[in-house]
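Every read-out reported here was derived from the displayed coordinates using simple, explicitly stated rules and does not represent laboratory data. Since the model is a prediction, treat every value here as computed from it, not as a measurement. Note that each Cβ is placed from the backbone with ideal geometry, even for glycine, and that neighbours are counted across all protein chains shown.
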């Protein structure tokens, strides 16, 4: 499992948390997502292993993992929250609003922007998992509309 590169058990214990089989099952289920995974997907994986774990337990555990920095979360353009195992180094994503393609962006690319924000606004950005939305190169070439454009067209027809 990807999350076994970091001693997540020790991190939980250092914060006074019990390391329960349920928490480990939930952590494994996030890891199995291999990237952004929804609460529903995590829950389905958890239930396949242990039917006694309910949705609220999964949700609470994810909140704890995010607070500890073991898991990162991001809100998609659709409003749905996705989760993934925290990487050893910060990373970010580009998500195409037309086809859904996702690309990972190295933190070094955005660090310059974060430094510029600090200089210009005196604001220290504390972000190690950012999701940026737009159109990928292929969808731009094809002239495919993004979801915002589609939703705006729906509202004009009303």
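Here are some notes:
- Computed lengthening from residue 50 to residue 18, 0.36 nm per intervening residue step minus Cα-Cα distance: 9.7 nm
- Rounded FRET efficiency, nearest 0.05, which uses the C-beta distance separating residue 87 from residue 116 and R0 of 41 Å: 0.95
- Principal-axis analysis of the Cα atoms of the chain puts helix 147-157 at an angle of about 60° to the longest axis.
- Most mobile listed residue (53, 117, 85) in the chain, GNM with C-alpha springs under 10 Å: 117
- GNM top mover of 38, 20, 81 - the chain, alpha-carbon springs below 10 Å: 20
- Answer label for P(r) over Cα pairs in 10 Å bins from 0, in percent (calculated), chosen among [x] 10, 39, 36, 13, 1, 0; [y] 11, 43, 35, 10, 0; [z] 10, 31, 30, 21, 7, 1: [z]
- Rounded to the nearest 500, the 222 nm mean residue ellipticity of the chain from helices alone is -14500 deg cm²/dmol, with -39,500 (n - 2.57) taken per DSSP H run of at least 4 residues.
- Tilt relative to the chain, helix 107-121 - C-alpha long axis, 0 to 90 degrees, to 10: 70
- Beta bridges per DSSP with both ends in the chain, % antiparallel, nearest 5: 75
- Once the Cα atoms are used to define both axes, helix 39-49 deviates from the longest principal axis of the chain by about 30 degrees.
- The mean sequence separation of alpha-carbon pairs under 8 Å and at least six residues apart, normalised by the residue count of the chain, gives a relative contact order of 18 percent.
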